[in-house]
Each structure stands twice: as structure tokens, then as C-alpha cells.
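The values are calculated or read from the model by the stated rules, or taken from the named source; none is laboratory data. For clarity, every value in this text was computed on a predicted model and none was experimentally measured. Here the Cβ positions follow ideal geometry from the backbone for every residue, glycine too, while neighbour counts run over all protein chains shown. Accessible surface areas use protein heavy atoms only, side chains included; no ligands, DNA or RNA. Shrake-Rupley method; radii C 1.70, N 1.55, O 1.52, S 1.80 Å.
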Amino acid sequence: MAMPLPVPEDTFSEGMPDREGASVQETFELFSALAPKGWRVELIEGEIYVVPPANGEHEEIVTEVVEQVIARRADKELRNFTGIGLSLPGTTDTVRVIPDLVIAPKGSFDDQQEWHAPDPVLLVAEVTSSSTASRDRVQKIRAYARAGIPLYLLIDREASEAGVCSEPSGDDYGHKSIHKLGTTVALPHPLGFDLDTSAF
């Protein structure tokens, strides 16, 4: 759900956009600059979303996925990134997202940029919250597929399911598999190992 941030009048100075005439991109940048620490601001299909910090259960699941990737990855050069901003191609505007987890080779984001191209990304993972679930299931599938990201792992807490999307083509994935949480989920190439969701 989109949550507008209060913007004090004295926040604006020369060079800052007038709220009434600001573009979506300018408004997004303003919200990003003003968001409290720990909050995420995303721009998806022309809509700005302000997401509060995740709860403990959400973070436990993200950490469990990270630990399993570290223990089971065949390529020891792969790294787990949380809090990385991705700039993805959109149908009209650029999409700006901060996935719960990004897996990419070591050194992929070794720069000072805030937003990164998706080229080196091998997998993105999202863990749903009540406020993000619908976007994670629909708009983000389109965004990640359009960017050519090979794998999208969706841990859907509300549905008690894990979804694995692979073979990106256009704005969708050619192959999707759904698994009940508590089972073993096969992550295809380029990761190629089984994820145990019993800890979720």
C-alpha cells in the first residue's frame, strides 16, 4: 500500500521540486531522501510505495535463506546482498526496487552508486508481508522478468508457499513452481541446490 510521507514546508530549498509540479521520479527521489532509517521507498509501474521496517519473522526467513545459500552454493564467489537498490527497465518509467535478498557474484556492487543495473543478478528473493504481498506476487514478477533476472524466489507467508520463477521472457517467467512451506524446494541453474523451507 502506498504510504505518503509528511513533508515539512521548510524541507524545500532551491533545487527541490515543487510538490504540485513534481514528476513521479522527482517525488520518488524526495520520498527516498526523507524516509526514516530502515524504511524502503520503491517505484514500481509508476506508483511509489513506502514500506516500513520488516518484522522479526520476516527477517528470520531472509537470514535462513542466506545461511542456506552460503552453505550450499557450488560457486563460492556468489554473495548475498540485502538492502541493494536495483534500477530495472519499466514499460514507461524506470522501476526502483530494494529486494529482500539479491544473489550475485562477488564485486557486482563494488561502487558508490545507490541504484544498480540488474545485469549481474542471478536471483532475487522476496518474503511477503501483509503490505507487500500483492506487489511481490504480481508487479515484481513482471519487473524482475523484464530485467532478465534468471530466478525469482517468492516466500509467501500469507499463502504458506514458496514460489520459484525461472526462464524470464518478456514481462513474465516461462516456468513457475509452487511448493508448500515445510518442503524442499529445488532452485534451478544458476544456483542448482535444494532449499529446505522447513525452518520457515
> Rounded to a whole number, what % of the accessible area of segment 130-171 do carbon and sulfur atoms account for, probe 1.4 Å?
Replying inline: 45 percent
>> For ASP196, what accessible surface area do you get with a 1.4 Å probe? Give it in Å², rounded to 10.
In response: 50 Å²
>> Keeping all protein chains in the complex and leaving out DNA, RNA and ligands, what accessible area do you get for ARG96 with a 1.4 Å probe, in Å² to the nearest 10?
In response: 40 Å²
> Ignoring ligands, DNA and RNA, what percent of the accessible area of segment 16-75 is carbon or sulfur (1.4 Å)?
Replying inline: 49 percent
>> Heavy atoms only, 1.4 Å probe, whole protein assembly: order THR27, THR91, THR197 by accessible area, highest first.
In response: THR91, THR27, THR197
> Using the Cα gyration tensor of segment 53-137, with a ≥ b ≥ c the square roots of its eigenvalues, what is the shape: rounded (a/c below 1.5), prolate (a/b larger than b/c) or oblate (neither)?
Replying inline: oblate
> Going down the table (LYS76/LYS140; LYS140/LYS176; LYS140/LYS180), which pairs top 26 Å between alpha carbons?
Replying inline: LYS76/LYS140
> What ranking of ARG137, ARG146 comes out by heavy-atom accessible area, probe 1.4 Å, highest first?
Replying inline: ARG137, ARG146
> If ligands, DNA and RNA are left out, what is the accessible area of LYS106 with a 1.4 Å probe, given in Å² to the nearest 10?
Replying inline: 130 Å²
> Can you give me the relative contact order of segment 75-200 as a percent, contacts being Cα pairs under 8 Å and 6 or more apart?
Replying inline: 17 percent
> For the peptides 54-61, 80-87, what is the packing order when you average, over each peptide's residues, the other Cβ atoms within 10 Å and list the highest mean first?
Replying inline: 80-87, 54-61
>> What number comes out for accessible area per residue over segment 120-159 if the probe is 1.4 Å? Units Å², please.
In response: 27 Å²
>> Could you tell me how far the Cα centroid of segment 136-200 sits from the Cα centroid of segment 18-57, in Å?
In response: 25 Å
> Top to bottom by accessible area (1.4 Å), largest first, where do VAL138, VAL121, VAL66 land?
Replying inline: VAL138, VAL66, VAL121
